[in-house]
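First comes the structure, then the notes that go with it.
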Amino acid sequence: MIRFENVSIAYDRKSKPALDDVSLDVDRGEFVFLVGSSGSGKSTLLRLVLREYKTPHGQVYVAGQNVANVPSWRVPKFRRGIGVVFQDFRLIQTKTVFANVAYAMQVLGKSRAAIRTEVPRVLELVGLADKGHRKPTELSGGEQQRVAIARAIVNQPGILLADEPTGNLDPITSAGIMDILDKINQNGTTVVMATHDDDIVNSMRKRVIELRHGKVVRDEHAALYTSMIPVVPVAGAAPAPEPVKKDDAEPQTRRQRAVSAAAAGDGASAADSMPPRLERRREREFPLGDEPKTSTANIMIEDQL
Ligand SMILES: Nc1ncnc2c1ncn2[C@@H]1O[C@H](COP(=O)(O)OP(=O)(O)OP(=O)(O)O)[C@@H](O)[C@H]1O
């Protein structure tokens with residue numbers, strides 16, 4: 001359903017690649033969590049699926065179609081097959097719940113009869129059948145997110161992308177949102193969700209793809225938020241690598257991210273905060289500090305819509 005082949009992309013010439021040689025396949029009907037520390041590339045990956053950017057290096061296929069071949073004028077139609085849910089809901093504050101969801105059908109030119117049938121159906125699915133007349137300001141955060149989900153699925157997309165959909169919600173409300181996403185997935189929609197919420201990932205035991213510095217470092221089925229795969233030494237094999245410091249080995253959880261954010265601004269440079277393992281690798285590869293200036297510096301976003 002979604003295929004990345006050796007995809008690399010950087011936002012500008014000076015920055016490191018946001019995604020670095022990423023290859024992965026997500027099958028139709030799968031539920032996949034994208035995890036990784038802040039800045040590891042999760043949102044960028046979702047944006048590439050949405051064809052917000054074209055990849056200068058590598059290919060992205062969605063439902064068998066190479067997104068690079070979708071001309072700009074056809075991108076809105078292409079995106080109709082993809083529902084999107086964000087952390088901050090993005091509802092139209094002046095419209096009712098019903099009208100917010102109906103709007104997603106109206107822009108596609110759906111008939112009033114279809115809207116009258118479909119909108120109550122999805123509001124029922126997300127547990128808001130009795131709140132269609134309310135405005136977003138009259139709803140809790142969890143209810144607003146459920147409206148956003150209803151809007152994302154009302155046109156029955158094959159893929160649902162969710163970028164930290166529980167990021168602003170308490171654990172109980174988050175669990176309710178996850179029940180809905182699980183139900184949508186069981187109805188056949190492929191779900192890819194970026195998250196820092198370790199409790200959710202650990203309780204659902206779905207496929208987990210972990211990004212670190214733009215690279216896929218783990219792709220594991222029925223997985224936990226942090227890897228449980230033990231390093232088993234093989235007889236005659238090269239010696240096992242040094243143990244990695246915990247901070248570098250695991251993606252940040254929501255709680256850890258809050259702590260990092262609070263600590264930010266302490267003046268530490270990017271080099272100061274480079275994880276020890278990367279530092280070691282850099283010393284090995286560039287012992288004289290002679291690091292090439294343009295490893296992927298030529299990777300540029302060609303076509304931001
Ligand atoms: N619009 C942009 N312009 C320039 N750089 C960007 C832009 N968006 C993201 N980046 C950079 O690309 C890298 C990957 O960012 P991305 O948003 O994909 O990470 P993320 O894993 O989703 O992070 P978070 O968990 O904080 O949302 C980061 O280094 C980030 O600073």
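The values are calculated or read from the model by the stated rules, or taken from the named source; none is laboratory data. Quick caveat, the model's predicted, so the values are computed rather than measured. Positions of Cβ are generated from backbone atoms using ideal geometry, with glycine treated the same way; all protein chains shown enter the neighbour counts.
Could you please let me know if K110 is in a loop (DSSP other than H, G, I, E, B) and charged (D, E, K, R)? Yes, satisfied.
Among the residues making up segment 67-93, those that are modelled with pLDDT of 95 or more and surrounded by fewer than 17 Cβ atoms within 10 Å (Cβ to Cβ) are I92, Q93. Counting only residues that are touching a residue at least 12 places away in the same chain (Cβ under 8 Å), farther than 21 Å from A175 by Cβ and among the polar types (S, T, N, Q), segment 91-145 holds 5 of them. Among the candidates I177, I172, the residue that is at pLDDT below 95 and either under 20 Å from A222 (Cβ atoms) or touching a Leu at 6+ places or on another chain (Cβ under 8 Å) (or both) is uniquely I177.
Within segment 159-175, restricting attention to residues that are closer than 14 Å to R90 by Cα and buried (at least 22 other Cβ atoms within 10 Å of the Cβ), the residue that is farthest from the chain's Cα centre (by Cα) is T166. Of the residues examined, V122 is one that is assigned to a helix (DSSP H, G or I) and either within 16 Å of the ligand (Cβ to nearest atom) or closer than 25 Å to L46 by Cβ (or both). Examine segment 180-190 for a residue that is surrounded by 13 or more Cβ atoms within 10 Å (Cβ to Cβ), over 22 Å from A63 (Cα atoms) and at pLDDT 90 or above, and state whether such a residue exists. The answer is yes; a qualifying residue exists.
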